[in-house]
């Protein structure tokens, strides 16, 4: 090919890739701008502080109340519950696959876990209604089992494949030299795993957990189906909850266009956006703290 | 001199491949023995068999006797952690843990339920000629040290457990000449307290530090003797060829 043609192709593709790169930025900026723009319309009516700290969410009452505290607490309950279940299970499974399982078991487990990720969220929601809900109702002697615990268990199942896969990669990537060094001073397998391998893999494990948190906070369909959707401040895991995502999904379809209620849903989305942003920043912070101990 | 560490009729194979063939060799107490030979001759395999590093490879088959004084190292009844406490190891590439300098030493002590305080850590670092360079930065990540310092830290980590034998697998191969000299100095100084077996590719290094030298070729011990004998009056033709650089 002639030199000039080659150069112009080079320039062309540089432009193309630059465009796609900026397109992603533009999308992110656009979504954020849309959220903020619509939220501002809401905050012209309702003070931000009243919105965040309001104890009651009743946008369709005679005198509408836009307090999103019950929703924030609901989301927090479900997410925390899910993580309490999913983090030990996920890291344990990842450690087992990477350090203990034989190659044959590994070859079964890994694809099985990836299949778990392929189950649509609506199917997991079914599971919550049909299996978990009666189970929880039975054990805890409740009229039904559609509550925060149900949602937490389902979200844990959904977050597990992400946590396991990413954490397993991180554990697997720990240099053999660290393990040899640890065995060399007389450490057992468990001591090596707990004190050397997991700390060395910590950045990856935290990233895995953060991805899991992101998944749990943002998940909509499953929690909508399984948590009962009562917009009240929950007092325990056996209370029905209405998460922020479920609120938006349920109410967006019925709300009159460009009313305060309509804008309120955007405001919820903005808060949700900042919550996930915060989760990511915390993750980044810890990743950097552990990274400084690794070879440059 | 009293024999500290020995192998008798040792055969090791990985899967189908036999790596060590009928090795019988003895290492005397408070001496430095160098294992030399071309790549793939089984030096490292032999070295690693003494502290049971082959336990980690499921396809390794070990036959023969390995002993540390009267202790049968190959016995299923002897806990491998106990063996590794008594036989320390320094690896080819310095492998400090991604922890602070202090914690790198403290780790082995804690694992083995040995007393762990600043004095013990300081003593280990002093013995490894590293204390003066790091005494003000004990909390610094060990990975920020230079290559030579990292390797001395690894030696300090091994020394901290007060082992009887220290195995060294080409400890200087990744280091510059100055760091290498420092480590050789250190090794010579350590032999007063420990029995040292060192694998090396560097003929000059073997001559500088080793009391005895063992020449291995294709999984067999071809010749062993004092370093002077091996390098100046080799009996085996292969040894002579190898040390003069005809192959390897």
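Here, each number is a calculation from the coordinates, and none is a lab measurement. Since the model is a prediction, treat every value here as computed from it, not as a measurement. Reconstructed Cβ throughout: ideal geometry from the backbone, glycine too, with neighbour counts over all protein chains shown.
For the peptide B:169-178, the mean number of other protein chain Cβ atoms found within 10 angstrom of a residue's Cβ is 0.
Using alpha carbon centroids, what distance separates the stretch A:169-193 and the stretch B:157-188, in Å? Taking the Cα centre of the stretch B:157-188 as reference, the centre of the stretch A:169-193 is 21 Å away.
Computed from the alpha carbon atoms alone, the convex hull of chain B holds 125 Å³ per residue. Across peptide A:185-198, the average count of Cβ atoms from other chains found within 10 Å of a residue's Cβ is 5. Helix B:147-159 against the longest principal axis of chain B: what's the angle in degrees, Cα atoms only, rounded to the nearest 10? Roughly 90 degrees between the two axes. Taking label points 7 Å from Cα along the Cα-to-Cβ direction, residue B:204 and residue A:106 give a separation of 4.2 nm.
The packing ranking of peptides A:184-191, B:30-37, A:62-69, highest mean first, is B:30-37, A:184-191, A:62-69, where packing means the average number of other beta carbon atoms within 10 angstrom of each residue.
Of A:1, A:158, A:252, how do they rank once you tally other Cβ atoms within 10 Å and put the fewest first?
Working: A:1 6, A:158 22, A:252 13.
By the 10 Å Cβ count, ascending, the order reads A:1, A:252, A:158.
Among A:159, A:264, A:137, the largest mean-square fluctuation in a Gaussian network model of chain A, built with springs joining Cα atoms closer than 10 Å, belongs to A:137.
Assuming R0 = 22 Å, what is the FRET efficiency of residue A:20 and residue A:284, from their Cβ-Cβ distance, to the nearest 0.05? With R0 = 22 Å, the Cβ-Cβ based efficiency is 0.35. Between the alpha-carbon centres of the stretch A:130-150 and the stretch B:1-25 there is a gap of 64 Å. Remark: the stretch A:3-44 projects, on average over all directions, an area of 2.9 nm² (convex hull of Cα atoms).
Averaged over the residues of peptide B:89-100, the number of Cβ atoms from other protein chains lying within 10 Å of each residue's Cβ is 5. Helix content alone sets the calculated 222 nm mean residue ellipticity of the protein assembly as shown: runs of n ≥ 4 DSSP H residues at -39500 (n - 2.57) each, divided across all residues, give -17500 deg cm²/dmol. Considering all C-alpha pairs of the stretch B:75-125, those separated by over 13 Å amount to 66%.
Per the Debye formula with a single identical scatterer at each Cα and no solvent contribution, what log10 I(q)/I(0) holds for the stretch B:160-248 at q = 0.12, 0.15, 0.17, 0.25 Å⁻¹? Calculated log10 I(q)/I(0) at the listed q: -0.39, -0.61, -0.77, -1.35.
The alpha carbon centroids of the stretch B:73-114 and the stretch A:230-283 are separated by 52 Å.
Equivalent-ellipsoid semi-axes for the protein assembly as shown (Cα gyration tensor, √(5λ), whole Å, largest first): 62, 27, 23.
Packing here is the average count of other Cβ atoms within 10 Å per residue, and on that basis the peptides A:266-272, A:241-247, highest first, run A:241-247, A:266-272.
Once you order the gyration tensor axes a ≥ b ≥ c over the Cα atoms, which shape class does the stretch A:161-296 get: rounded for a/c under 1.5, otherwise prolate or oblate by comparing a/b with b/c? Prolate, since a/c reaches 1.5 and a/b exceeds b/c.
Two numbers describe the Cα atoms of chain A: Rg and Dmax, which are 23.4, 80 Å. Highest-first packing order for the peptide set B:128-140, B:156-168 is B:156-168, B:128-140, based on the mean count of other beta carbon atoms within 10 Å. Mind running the shape call on the stretch B:135-184? Use the C-alpha gyration tensor, a ≥ b ≥ c as the square roots of the eigenvalues: rounded below 1.5 for a/c, prolate if a/b tops b/c, oblate otherwise. It comes out oblate by the Cα gyration axes.
Taking 35 Å as R0, compute the FRET efficiency from the Cβ-Cβ separation of residue A:118 and residue B:117 and round it to 0.05.
That gives a FRET efficiency of 0.05.
Can you give the angle from 0 to 90° between the axis of helix B:118-127 and the longest principal axis of chain B, with both taken from C-alpha atoms, to the nearest 10? For helix B:118-127, the angle is close to 40 degrees.
Pairs of alpha carbons in the stretch A:169-219 separated by more than 12 Å make up 64% of all such pairs.
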